[in-house]
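Novice: Sharing a structure below in structure tokens format, with a few things to ask.
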Amino acid sequence: MLLQEFNALPVADAQAVVGACADVPWWVATVVAARPYRSVGDLRAHAAEQALAWAHVDVDGALADHPRIGERHRGDGPTAAMSTHEQSGVDASDADVAARLAAGNARYERRFGRVYLVRAAGRSSAEILALLEQRLTHDDLTEAEVTAQQLREIALLRLTSLVTDAPAPRAPHDAPPRATSADAARTVPAAPAAVPAGGPVA
């Protein structure tokens, strides 16, 4: 939707839009309460600033709305559609990839007690698996911070895909070129030749 439409939504409807980006109720309410925004850039900047204050409990609560990497979202609303789009780089038909993701997800959950969250948009299966292996080496505090950052990235990407600025106005058509003296000379018919004295008159 366009930014002006988002600015004009009833509070509950606007909260539903922002809530699809990250299920952190106080953050959703704060972002909506700051309307109207002058640009999507202002909206994104405010949302990003407020998201820096997410506590671990906020992140853990929001993770419940994210499926495991390589699995489909359990719901069928806008969050599910965005999740499917974000994971489009994961080749679920590749049996080797599916098995490695399943094993990696299980190791991660045993190690940290929560689902492995990564910004999947724009990343291939190989990149996601490599990041998973790297993050399994983190201590608890480092990994908690990385997870929060990944959640922030996902939320902001979703927000700026859902709310957009109005397209720039189209430039007016170029004016036709101005005629030059040379053009005029080519378009004005030449004067008839003088009639010799005593010649026939039409």
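Novice: Applying the selection to segment 113-135, what residues are open to solvent by less than 30 Å² (accessible area, probe 1.4 Å) and not polar (S, T, N, Q)? Show your work before the answer.
Specialist: Of segment 113-135, the ones open to solvent by less than 30 Å² (accessible area, probe 1.4 Å) are 115-118, 120, 125, 128-129, 132, 135.
Of everything in segment 113-135, those that are open to solvent by less than 30 Å² (accessible area, probe 1.4 Å) and not polar (S, T, N, Q) turn out to be VAL115, TYR116, LEU117, VAL118, ALA120, ILE128, LEU129, LEU132, ARG135.
Novice: Related question: Among THR142, THR137, which is among the hydroxyl-bearing types (Ser, Thr, Tyr), modelled with pLDDT of 95 or more, part of a loop (DSSP other than H, G, I, E, B) and farther than 21 Å from VAL28 by Cα? Walk me through it before giving the result.
Specialist: Numbers: THR142 fails: part of a loop (DSSP other than H, G, I, E, B).
Matching residue, one of THR142, THR137: THR137.
Novice: Now a separate question. So in segment 51-103, with the set limited to residues that are at pLDDT below 70, open to solvent by less than 60 Å² (accessible area, probe 1.4 Å) and not small (Gly, Ala, Ser), which one is farthest from LEU151 (Cα to Cα)?
Specialist: HIS73
Novice: Across segment 1-26, what is the total count of residues that are closer than 18 Å to GLN149 by Cα, within 19 Å of the chain's Cα centre (by Cα) and not aliphatic (A, V, I, L, M)?
Specialist: Residues that pass the stated criteria total 3.
Novice: Please give the number of the condition ALA121 fails out of (1) more than 21 Å from ALA14 (Cα to Cα); (2) modelled with pLDDT of 90 or more.
Specialist: With (1) more than 21 Å from ALA14 (Cα to Cα); (2) modelled with pLDDT of 90 or more applied to ALA121, the lone miss is (2).
Novice: Counting only residues that are surrounded by fewer than 19 Cβ atoms within 10 Å (Cβ to Cβ) and of a type outside the set (S, T, N, Q), which one in segment 153-167 is farthest from LEU2 (Cα to Cα)? Walk me through how you get there before you give the answer.
Specialist: The initial filter retains those residues of segment 153-167 that are surrounded by fewer than 19 Cβ atoms within 10 Å (Cβ to Cβ), namely 153, 157, 160-162, 164-167.
Now narrow it down to the ones that are of a type outside the set (S, T, N, Q): 153, 157, 162, 165-167.
Working: GLU153: 21, LEU157: 16, LEU162: 8, ASP165: 6, ALA166: 6, PRO167: 9 Å.
Of everything passing the filter in segment 153-167, GLU153 is farthest from LEU2 (Cα to Cα).
The values are calculated or read from the model by the stated rules, or taken from the named source; none is laboratory data. Just so it is clear, the model here is predicted, and its values are computed rather than measured. Note: ideal-geometry Cβ built from the backbone for every residue, glycine included; neighbour counts use all protein chains shown. Protein only, heavy atoms only, side chains kept; ligands, DNA and RNA dropped before computing areas. Shrake-Rupley method; radii C 1.70, N 1.55, O 1.52, S 1.80 Å.
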